[in-house]
1. Take the Cβ-Cβ distance between V33 and K173 as r, set R0 to 30 Å, and report the resulting FRET efficiency rounded to the nearest 0.05.
2. Each residue of the stretch 288-302 in order: what ³J(HN,Hα) in whole Hz does its phi give by Karplus 6.51 cos²θ - 1.76 cosθ + 1.60, θ = phi - 60°, with x for Gly and Pro?
3. Taking the Cα centre of the stretch 237-278 as the origin and placing charges on Cβ (Lys, Arg +1; Asp, Glu -1), which of V265, L252, Q238 is farthest toward the positive end of the dipole?
4. Under 5 Å between amide H atoms, partner at least 5 residues away or on a different chain: which partners does K263 have, H built in plane at 1.01 Å?
5. Modelling each spin label as a point 7 Å along the Cα-to-Cβ direction, I'd like the R124/L79 distance in nm, to one decimal.
6. Between E42 and R190, 0.36 nm times their residue separation minus their Cα-Cα distance comes to what?
7. About the Cα centre of the stretch 166-299, how large is the charge dipole given +1 on each Lys and Arg Cβ and -1 on each Asp and Glu Cβ? Please answer in debye to the nearest 20.
8. Once you put a point 7 Å from the Cα of I325 and another 7 Å from the Cα of D236, both along the Cβ direction, what distance in nm separates them?
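Here, each number is a calculation from the coordinates, and none is a lab measurement. Since this is a predicted model, take the numbers as computed values, not measurements. Don't worry about glycine lacking a Cβ; one is built from the backbone with ideal geometry, like all the others, and counts go over all protein chains shown.
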Amino acid sequence: MDRSCLVCLALLSLIGALEQNCCAVEPDIDSEVLLKNRFLHEAPRSWAEYTERAKRLQGKQSLQIKIQTGNKTSDIKQLCDWKNNNCCKLFYWDQEKTTERPGSKKTFSRVYCINSNYAFTLERPFESVNQSSSSPWILTKIMTSPEQIALFHKEFFESDYPARSSIVSANKKLLTELIQTSGFQVGKCRAINRSGEQLVEVEFDIPKQETSEALTIRSGKLLLDPQRYWSVRSYDAQLVQPTGKIVCSVELADSQTEIPVPKRVVTETISSDTKIVWDFKYNLTSPAKLPLDEEFTLTAFGLPEPIGIGQKTMSWYLWLLMAGIACLILAALLRWKVRRDKATSGRE
């Protein structure tokens, strides 16, 4: 075989190899584009659906916070109880704080509650953990106007509500709101097989974000489960205020519910001089029988109900009807009195 034949064979082999490489690369590019489009179209609807379905979840949550600033450390323990029905919500919160100073362990309790007539907050002041009897509840705030109750609901029952705050949120910000942030950009999307689970890793960036809000996410990666409402399994993000990073991992419970339920969520934030670790543990269910409305009142905590709130008032037409009936009765009495007086005078 002469040299020209060898050159031709070499060229043909090179062309064949290039074609194979192109065929191997093109599907990867196409699959990434398809995966990105699927994320942008499916995920927001799934998150919104999960948010609605997770409203029935209730139960207990424990949280241990470890704060390290320089050489100083402090621990905070919280025990929370969430319950709700179709029109009422309650968040019960016990907190214990310990610092390095001897005898610095203190605890207090709070209640945040909304019922169909009003909303209120209760508090037990700081007391010694070893104290045998609990202090009585103190009413710290009561709200009756729809505007006040709406703001109260948004502050205490939206961002921190269990399950939703970890399954479809990143750093307490709903993912539906995160992707609507001005300048939000989706980077690479790739499928990942983790212990037999088919997950999707999504890189994102918010390059020109100007904010003074604490712990605002600037960029990062989301590991999502597209088979279960595109729920969060972990994320790793860079922060704007303060400059640092946040890392979170989510462990799901072996629950019989139709939606994913968190079992444990560990979040760690690291800035220049402070490291904070939040360790959440959940025991949540979706009960067949919801709590009664009476469990969401001041009476349930040994306090009197507010005067005039929740009492039904009579409509104006009922008052008018009662006034008309009273006039008819009065007219009948006057008529009877006139007839009696005429009869008496006639006999005389």
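1. Values: r = 27 Å, r/R0 = 0.89.
For V33 and K173, the calculated efficiency is 0.65.
2. Going residue by residue, I get 6, 10, 7, x, 6, 4, 5, 6, 10, 10, 5, 4, 5, 10, x Hz, with x marking Gly and Pro.
3. Farthest along the dipole direction, towards plus: Q238.
4. Sorted by chain and number, the residues that satisfy this are E251, L252, A253.
5. Taking the two extended label points, one gets 0.9 nm.
6. On the way: separation 148, 0.36 × 148 = 53.28 nm, distance 1.55 nm.
Contour length minus Cα-Cα distance gives 51.7 nm.
7. On the way: 16 positive and 18 negative charges, 89 e Å.
The dipole of the stretch 166-299 has a size of about 420 debye.
8. For the pair I325/D236, the computed spacing is 7.6 nm.
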